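Engineer: The structure under discussion is supplied below as C-alpha cells; questions concerning it will follow.
The values are calculated or read from the model by the stated rules, or taken from the named source; none is laboratory data. The shown structure was predicted, so the numbers you read here are calculated from the model rather than taken from an experiment. Using ideal geometry, Cβ is built from the backbone for each residue, glycine included, and neighbour counts are taken over all protein chains shown. SASA here: full protein model, heavy atoms, side chains in, ligands and nucleic acids out. Shrake-Rupley method; radii C 1.70, N 1.55, O 1.52, S 1.80 Å.
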Amino acid sequence: RYVPIIEWARSPSRFALVAAIGVGVLCAHALVALRDRLRPDARRALVAVVVLVAAVEFWPAARPLHAVSIPSIIDTIAADPNPAATVLELPVGMRDGTSSMGDFSARTQYFPMWHGKRLIGGYLSRISERRKEAARDMPILSALLTLSEGGRLDDAHRRRAMGRREIFLGRTGLRYVVIDTKRCSPALRRFADELLELEPLAADQGYELYRVTPAAERRIQPVTSSAQIQGTPVLR
C-alpha cells in the first residue's frame, strides 16, 4: 500500500476475474488429463461429479455474508423532508484507496441508501490533495478528524473550532449526528456535544441519534451562494 507505483495495484480483488479465468483453464486441462487415465465408467462418474459441483457453485441462492440490518434511528433521518439535511457520524473519516484521515466505517455510506441524506466525510476511490488540504484547513472538520483517530486537541485548535461553528453549520447544513457508541471516544463525544449542542433523539443497535438543537440552528446563517460551499469536503 505504501510503496510508490505499486500502491495503485495493491488490491488482489482487482485481478480476481483474470485469475479465475486462468484457474478455470488449468482445471479444464487437469480434468482432461484425468479423464484420459480412467475407464469409461469412471469417466461418466467424473463428469457427473463435475456437473454436480458446478451446479452447486452457480446455484442462484441467497448467501448472506454480512449483517445488513439498519438501526431504527435511520428511519428518523429518512422521514426528514429536508433534502439538504446533512448527517455526521462519529467517529468521522475521509478515506480513499491510498490514504485515510480520521476513522471511516463503510457502514457510514451504507445507511444513506435508506435515509438518502448527504454525509460529512466518506470514501472515494481517489481524493485529491487539494480536497485533503481543504479538510485540514477547516478547524472544525480537522478537529473532528483528529479526535476520531485518537489524537488530542490543543487549546488553540479548540478555540479556533468553537469560533467557526456557525460558518461550519451554515456551509454543511448539518442537522443530525449519529454516534457509534462502540467506536466513539469520550473526548470526541464531549467535543461534539460542546460544539453542536446535541439534542438526543433515539438509540438502537449501538448507535445514538442526535440533532443540532434549535438554539444552535438559530445561529446558522443560510448559505445562498453555491460558490460558498464549493470547497467544503462533504462527500456523498
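Engineer: In the range 128-143, which residue that is out of contact with any Pro (no Cβ under 8 Å at 6 or more places or on another chain) and buried (at least 18 other Cβ atoms within 10 Å of the Cβ) is nearest to residue 182 (Cα to Cα)?
Structural biologist: Looking at the filtered set, the residue picked out is 143.
Engineer: Looking at the range 164-175, I want the residues that are of a type in the set (Val, Ile, Thr) and have a partner that is at pLDDT below 90 with Cβ atoms under 7 Å, at least 6 apart or on another chain. Which pairs are those?
Structural biologist: Here the result reads 172/232; 172/234, each pair linking the range 164-175 to a residue that is at pLDDT below 90.
Engineer: So which residues in the range 51-110 are at pLDDT below 90, open to solvent by less than 20 Å² (accessible area, probe 1.4 Å) and in contact with a Gly (Cβ under 7 Å, 6 or more places away or on another chain)?
Structural biologist: Correct list: 108 only.
Engineer: Checking the conditions here, which among 42, 33 is surrounded by 10 or more Cβ atoms within 10 Å (Cβ to Cβ) and either of a type outside the set (D, E, K, R) or in contact with a Phe, Trp or Tyr (Cβ under 9 Å, 6 or more places away or on another chain) (or both)?
Structural biologist: Exactly one of 42, 33 is surrounded by 10 or more Cβ atoms within 10 Å (Cβ to Cβ) and either of a type outside the set (D, E, K, R) or in contact with a Phe, Trp or Tyr (Cβ under 9 Å, 6 or more places away or on another chain) (or both), namely 42.
Engineer: Restricting to the range 1-23, and then to whatever is assigned to a helix (DSSP H, G or I) and open to solvent by 100 Å² or more (accessible area, probe 1.4 Å), can you tell me which residue is modelled with the highest pLDDT?
Structural biologist: 21
Engineer: If you don't mind, there's one more thing I want to ask. In the set 156, 161, which member is open to solvent by less than 60 Å² (accessible area, probe 1.4 Å), over 19 Å from the mean Cα position of the chain (by Cα) and free of Cβ contacts under 8 Å to residues at least 12 places away in the same chain?
Structural biologist: That would be 156, the only listed residue that is open to solvent by less than 60 Å² (accessible area, probe 1.4 Å), over 19 Å from the mean Cα position of the chain (by Cα) and free of Cβ contacts under 8 Å to residues at least 12 places away in the same chain.
Engineer: Specify which of the listed residues (96, 103) is within 14 Å of the chain's Cα centre (by Cα) and under 16 Å from residue 179 (Cβ atoms).
Structural biologist: Going through 96, 103 in turn, the sole match is 103.
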